[in-house]
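S.K.: The structure under discussion is supplied below as structure tokens; questions concerning it will follow.
The values are calculated or read from the model by the stated rules, or taken from the named source; none is laboratory data. Just so we're clear, the structure is a prediction, and the values are computed from it rather than from any experiment. FYI the Cβ positions are ideal-geometry reconstructions off the backbone, even for glycines, and counts take in every protein chain you see.
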Amino acid sequence: MATKTKTTQEQAVRETQEWMDGARFNDITRLYNARQVVEQRGTIANDHTVAREAAEAFYARLRELFERGESITTFGPYSPGQAVTMKRMGIEGIYLGGWATSAKGSDTEDPGPDLASYPLSQVPAEAATLVRGLLTADRNQQYLRSRMSEAERARTPEVDYRPFIIADADTGHGGDPHVRNLIRRFVEAGVPGYHIEDQRPGTKKCGHQGGKVLVAEDEQIKRLNAARFQLDVMGVPGIIVARTDAEAATLLDGRGDERDQPFILGATNLALPSYKVCMLALMRCLHHAGLEEINGHLLYEISEEEYAEAEAWLVQAGLMKVLTEKANAFRDGTDVTADAVLDAMSGRLVAAWEAEAGLETYGDAVAEMMEFRIGEGERFEMSVDEWREFSCSASLSRAKARAKEMGITVIWNPEPAKTPEGYYQIRGGIPYAIAKSLASAPFADVLWMETKTANLDDAREFAEAIHAVYPDKMLAYNLSPSFNWDTTGMTDEEMRRFPEELGKLGFVFNFITYGGHQIDGVAAEEFATALKQDGMLALARLQRKIRLVESPYRTPQTLVGGPRLDGALAASSGRTATTKAMGKGSTQHQHLVQTEVPKKLLEDWLALWTAHNELPGDLRVQLRPHRAGSELLELWVDRGAEKLANVVFGTIHDRKERMILSVRDQNTFDEALRKKRLMTLVHLFLVHRYKAQSVHYVSPTEDNRYQTSKMKDHGIFSQVSDEIGDIIVA
């Protein structure tokens with residue numbers, strides 16, 4: 001029995017090694033071997049079908065998009081219903097973020113900001129509801145399609161509800177066991193993709209908040225490797241996204257990793273107290289000056305000699321005078337808070353201390369010394385620019401050795417610049433984000449640089465640097481709602497094309513993190529306001545819109561699976577059940593009543609029209625908002641995918657509640673259909689459907705003038721006036 005077990009294990013090791021060596025993982029580095037993976041598995045197989053198949057298909061689709069220079073543009077839904085709608089509307093991938101999960105809360109957690117303060121289980125639990133919603137939508141669709149005729153199925157597009165989700169794994173919520181636990185929960189929920197960031201647990205912030213503390217790069221790589229290890233144990237080729245916050249971060253947890261060292265800031269003037277002691281001295285002085293709630297200095301054991309030295313520096317820097325003034329204003333009851341005083345004084349202290357300490361990177365300190373000595377006539381074996389290029393990727397020990405070879409010694413020490421918590425100060429920016437992402441690249445499928453605003457040039461700089469080393473590495477971009485897009489400097493057209501341009505650079509997955517949260521809030525605000533103003537007319541208007549766009553929300557019982565569950569009831573009761581939910585008692589039948597003149601009427605007219613003109617038939621009519629959310633509507637006539645003609649219009653009620661059609665544009669794209677009164681037929685339908693008293697043609701063309709004249713001749717319009725500015729009133 002032991003020999004058989006050993007043989008089985010050896011076979012599993014060989015099979016696992018073959019899987020790990022497969023083409024899917026060509027550019028992936030692992031810090032473990034197949035035997036270590038197999039050792040973590042039991043003897044009872046557990047196939048995570050949903051996550052595994054979704055990961056295989058989603059990864060293949062992302063690779064296809066990368067090769068074509070295209071991308072998925074998506075957002076984070078706020079409910080399973082939103083996720084189902086996104087897939088139905090053709091958005092292939094879904095993002096699930098910690099921001100929205102924090103904002104929503106749960107049955108055990110209060111809503112709050114994105115600080116990853118929720119339990120490790122909360123985002124996987126939220127993801128499970130999305131996956132469950134998608135799988136249910138798939139079952140409902142399959143049931144309805146199974147009861148359609150072949151012709152009906154051909155006319156009804158099939159929606160791909162596979163859960164192509166990339167979910168927020170934050171920092172991994174701790175060390176190796178936390179990362180593996182988190183990934184296990186995502187896989188069990190059916191999620192195929194996960195992003196892990198390089199912030200420090202406990203101080204993690206939303207990427208668009210301040211105070212971000214990075215971990216050393218080797219710690220981030222351990223997280224990525226732990227995630228891959230857990231996926232391999234579970235036999236799922238999950239998609240790992242490595243996110244870095246280095247572009248805007250200001251602090252670092254430790255300076256042990258060589259790849260972080262070029263970006264650490266150090267003092268070049270050591271003749272002043274440390275930043276930590278100066279900051280604590282400031283707080284103690286405020287406390288003694290009457291702002292007793294400022295008491296953070298009590299956390300630390302600083303000697304009186306150190307405090308005396310720091311307070312002397314506060315006097316010398318001119319800060320003590322300002323401190324006294326602000327403390328007096330606080331005691332006098334001026335409209336100011338203790339926190340406001342501390343914030344103002346902290347800002348002044350930081351500026352003064354950093355200026356006097358000469359805070360900069362080691363590379364910059366050496367470069368400044370080189371420039372000074374070159375100005376004195378010295379020559380070095382490398383130029384200042386060559387040194388800067390070298391030092392931006394060299395470890396501290398390597399950089400110091402090279403500087404020593406050139407006879408350069410500088411005063412530089414990062415320890416005095418450490419914060420009270422012990423964090424090192426760093427120079428964040430795109431170069432640092434590139435360095436950290438290049439280090440993470442062998443351990444991840446997709447790279448993501450979190451940014452402080454949307455900027456195509458920044459995205460290009462990042463993409464080109466990554467692809468210079470890893471030409472096939474896929475990228476992701478946060479189209480964040482935290483950005484004010486109207487302050488990015490982009491035109492409307494540039495914003496419209498922004499995702500497309502990102503795709504050309506290799507960004508295959510681009511997402512509006514908490515878009516669903518804002519959609520949910522604004523929609524609720526609008527409807528609540530309408531309900532207060534117009535009572536049940538608000539709901540009637542919503543239902544009219546639902547009918548206009550032919551949304552499945554028109555028949556809500558069918559949308560959530562009523563027919564399928566009636567089918568299950570019939571099966572389990574041997575078709576004897578008399579309690580079907582979709583029977584005569586269902587109010588859903590009310591929503592099938594035709595309350596507007598249907599498009600089918602125009603299609604019937606067009607059938608007669610094509611027969612009369614001996615033209616190909618099978619013309620279809622579509623009526624939708626001109627663009628999503630627009631008040632303008634568009635009616636168009638098509639034959640399959642070919643749009644033959646259209647009218648863009650709006651509906652207006654004047655002060656006497658008379659209906660006016662406002663035609664903004666109209667086109668007959670098919671030359672063969674012109675001069676056959678097609679537009680006359682379309683306008684007749686619109687007048688009939690909307691019971692219009694008049695039609696206004698805005699910025700009319702000669703075709704409009706000719707058409708309205710002919711329609712008047714045929715008795716359709718009683719009069720036509722074109723003397724009223726740039727408009728025809730008919």
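S.K.: Within segment 129-170, can you find the residues that are closer than 20 Å to Ser106 by Cα and buried (at least 18 other Cβ atoms within 10 Å of the Cβ)?
M.R.: Residues satisfying the conditions are Leu130, Val131, Gly133, Ala167, Asp168, Ala169, Asp170.
The rows are residues; the columns are (1) within 39 Å of the chain's Cα centre (by Cα); (2) farther than 25 Å from Phe649 by Cβ; (3) not assigned by TED's automatic domain parsing to the domain that holds Val84; (4) not in a loop (DSSP other than H, G, I, E, B).
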position: Thr578; (1), (2), (3), (4): no, yes, yes, no
position: Gln588; (1), (2), (3), (4): yes, yes, yes, yes
position: Ala607; (1), (2), (3), (4): no, no, yes, yes
position: Leu615; (1), (2), (3), (4): no, no, yes, no
position: Arg627; (1), (2), (3), (4): yes, no, yes, no
position: Glu631; (1), (2), (3), (4): yes, no, yes, no
position: Leu635; (1), (2), (3), (4): yes, no, yes, yes
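Listed here are the residues, each with its yes/no results for (1) modelled with pLDDT of 90 or more; (2) farther than 13 Å from Leu635 by Cα.
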residue: Val648; (1), (2): yes, no
residue: Asp654; (1), (2): no, yes
residue: Met659; (1), (2): yes, yes
residue: Asp665; (1), (2): yes, no
residue: Glu671; (1), (2): no, yes
residue: Arg677; (1), (2): no, yes
residue: Thr680; (1), (2): no, yes
residue: Val698; (1), (2): no, yes
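S.K.: How about segment 321-344: which of its residues are surrounded by 12 or more Cβ atoms within 10 Å (Cβ to Cβ) and closer than 14 Å to His287 by Cβ? Spell out the reasoning first.
M.R.: In the first step, residues of segment 321-344 are kept if they are surrounded by 12 or more Cβ atoms within 10 Å (Cβ to Cβ); the result is 322-324, 326-330, 336, 338, 340-342, 344.
Answer for segment 321-344, where residues must be surrounded by 12 or more Cβ atoms within 10 Å (Cβ to Cβ) and closer than 14 Å to His287 by Cβ: Leu323, Thr324, Lys326, Ala327, Phe330, Ala338, Val341, Leu342.
S.K.: Can you tell which of Asp665, Asp703 is assigned to a strand (DSSP E or B), among the charged types (D, E, K, R) and over 25 Å from Thr595 (Cα atoms)? First the steps, then the outcome.
M.R.: Numbers: Asp703 fails: assigned to a strand (DSSP E or B).
None of the others qualify; the one that does is Asp665.
S.K.: Here's something else I'd like to know. Do you know which residues across segment 109-129 are under 17 Å from Arg184 (Cα atoms) and either in contact with a Pro (Cβ under 8 Å, 6 or more places away or on another chain) or not in a helix (DSSP H, G or I) (or both)?
M.R.: Residues satisfying the conditions are Pro119, Leu120, Ser121, Thr129.
S.K.: Just a yes or no: is a residue in segment 80-102 assigned to a helix (DSSP H, G or I), of a type outside the set (Phe, Trp, Tyr), within 22 Å of Glu450 (Cα to Cα) and at pLDDT 95 or above? Spell out the reasoning first.
M.R.: So in segment 80-102, the residues assigned to a helix (DSSP H, G or I) come out as 80-88, 98-102.
Still in the list and also of a type outside the set (Phe, Trp, Tyr): 80-88, 98, 100-102.
Those left that are additionally within 22 Å of Glu450 (Cα to Cα): 98, 100-102.
From what's left, at pLDDT 95 or above: none.
Scanning segment 80-102 turns up no residue that is assigned to a helix (DSSP H, G or I), of a type outside the set (Phe, Trp, Tyr), within 22 Å of Glu450 (Cα to Cα) and at pLDDT 95 or above.
S.K.: Here's another thing I want to ask about it. Could you say whether any residue in segment 345-361 is loosely packed, with under 13 Cβ neighbours inside 10 Å, of a type in the set (Val, Ile, Thr) and under 19 Å from Lys321 (Cβ atoms)?
M.R.: As a first pass, look at segment 345-361 and keep what is loosely packed, with under 13 Cβ neighbours inside 10 Å: 347, 351, 355.
Subsequent filtering for residues that are of a type in the set (Val, Ile, Thr) retains none.
There is no residue in segment 345-361 that is loosely packed, with under 13 Cβ neighbours inside 10 Å, of a type in the set (Val, Ile, Thr) and under 19 Å from Lys321 (Cβ atoms).
S.K.: Now a separate question. Here are Glu464, Glu501: which of them is within 17 Å of the chain's Cα centre (by Cα), acidic (Asp, Glu) and more than 30 Å from Lys545 (Cβ to Cβ)? Give the steps one after another, and end with the answer.
M.R.: Numbers: Glu464 fails: within 17 Å of the chain's Cα centre (by Cα).
Sole residue among the options that is within 17 Å of the chain's Cα centre (by Cα), acidic (Asp, Glu) and more than 30 Å from Lys545 (Cβ to Cβ): Glu501.
S.K.: Please find, within segment 148-203, the residue that is farthest from Ser121 (Cα to Cα) out of those that are among the β-branched types (Val, Ile, Thr) and modelled with pLDDT under 95.
M.R.: Checking each candidate, the answer is Thr156.
S.K.: I've got another one for you. Determine if segment 354-369 includes at least one residue that is among the hydroxyl-bearing types (Ser, Thr, Tyr) and touching a Pro at 6+ places or on another chain (Cβ under 8 Å).
M.R.: yes
S.K.: Out of the residues in segment 251-306 that are among the polar types (S, T, N, Q) and closer than 19 Å to Gln425 by Cβ, which is nearest to the chain's Cα centre (by Cα)?
M.R.: The extreme case among them is Gln261.
S.K.: Oh, and also: Quick one: Ser79 ticks every box in (1) within 26 Å of Lys222 (Cα to Cα); (2) within 21 Å of the chain's Cα centre (by Cα); (3) hydroxyl-bearing (Ser, Thr, Tyr) except a single one, so which number is it?
M.R.: The one condition Ser79 does not meet is (1).
S.K.: For Asp457, state whether it is at pLDDT below 95 and assigned to a helix (DSSP H, G or I).
M.R.: No.
S.K.: Here's something else I'd like to know. Any chance you could count how many residues in segment 146-178 are of a type in the set (Lys, Arg) and assigned to a helix (DSSP H, G or I)?
M.R.: Total meeting the criteria: 2.
Yes/no matrix, rows are residues, columns are (1) closer than 24 Å to Ala441 by Cα; (2) in a helix (DSSP H, G or I); (3) within 34 Å of the chain's Cα centre (by Cα):
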| site | (1), (2), (3) |
| --- | --- |
| Thr8 | no, yes, no |
| Trp19 | yes, yes, yes |
| Val37 | yes, yes, yes |
| Arg41 | no, no, no |
| Ala51 | yes, yes, yes |
| Leu62 | yes, yes, yes |
| Glu67 | yes, yes, yes |
| Glu70 | yes, no, yes |
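S.K.: List every residue pair whose Cβ atoms sit under 7 Å apart, with the two residues 6 or more apart in sequence or on different chains, where the first one lies in segment 1-25 and is surrounded by 10 or more Cβ atoms within 10 Å (Cβ to Cβ) and the second, anywhere, is modelled with pLDDT under 65 and part of a helix (DSSP H, G or I).
M.R.: none
S.K.: Looking only at segment 530-573, how many residues end up being surrounded by 15 or more Cβ atoms within 10 Å (Cβ to Cβ), of a type in the set (Gly, Ala, Ser) and assigned to a helix (DSSP H, G or I)?
M.R.: Selection size over segment 530-573: 4.
S.K.: Considering only residues that are free of Cβ contacts under 8 Å to residues at least 12 places away in the same chain and either surrounded by 15 or more Cβ atoms within 10 Å (Cβ to Cβ) or touching a helix residue (DSSP H, G or I) at 6+ places or on another chain (Cβ under 9 Å) (or both), look in segment 610-639 and name the one that is nearest to Leu681 (Cα to Cα). Full working, then the answer.
M.R.: Of segment 610-639, the ones free of Cβ contacts under 8 Å to residues at least 12 places away in the same chain are 610-612, 614, 617, 627-630.
From what is left, the residues that are either surrounded by 15 or more Cβ atoms within 10 Å (Cβ to Cβ) or touching a helix residue (DSSP H, G or I) at 6+ places or on another chain (Cβ under 9 Å) (or both) are 610, 617.
Working: Thr610: 12, Gly617: 15 Å.
Among those residues, the one meeting the criterion is Thr610.
S.K.: Among the numbered criteria (1) under 30 Å from Thr668 (Cβ atoms); (2) in a loop (DSSP other than H, G, I, E, B), which single criterion is violated by Leu602?
M.R.: In the conditions (1) under 30 Å from Thr668 (Cβ atoms); (2) in a loop (DSSP other than H, G, I, E, B), Leu602 misses (2) alone.
S.K.: Also: Taking segment 259-313 as the search range and keeping residues that are assigned by TED's automatic domain parsing to the domain that holds Leu349 and of a type in the set (Asp, Glu), which one is surrounded by the most Cβ atoms within 10 Å (Cβ to Cβ)?
M.R.: Selected residue: Glu311.
S.K.: Take segment 653-685 and flag every residue that is touching a residue at least 40 places away in the same chain (Cβ under 8 Å) and either small (Gly, Ala, Ser) or surrounded by fewer than 16 Cβ atoms within 10 Å (Cβ to Cβ) (or both).
M.R.: Selection gives Ala672, Lys676.
S.K.: Which residue, of Phe527, Phe462, Phe498, is modelled with pLDDT under 95 and outside any strand (DSSP E or B)?
M.R.: Phe527
S.K.: Hey, another quick one. Scan segment 701-714 and tell me whether some residue there is touching a residue at least 60 places away in the same chain (Cβ under 8 Å) and either in contact with an Asp or Glu (Cβ under 7 Å, 6 or more places away or on another chain) or surrounded by fewer than 18 Cβ atoms within 10 Å (Cβ to Cβ) (or both).
M.R.: Looking for residues that are touching a residue at least 60 places away in the same chain (Cβ under 8 Å) and either in contact with an Asp or Glu (Cβ under 7 Å, 6 or more places away or on another chain) or surrounded by fewer than 18 Cβ atoms within 10 Å (Cβ to Cβ) (or both), one finds none in segment 701-714, hence no.
S.K.: Here is a follow-up. Consider Tyr59 against the criteria (1) loosely packed, with under 13 Cβ neighbours inside 10 Å; (2) assigned by TED's automatic domain parsing to the domain that holds Leu135; (3) modelled with pLDDT of 95 or more: it satisfies all of them except one. Which criterion is unmet?
M.R.: (1)
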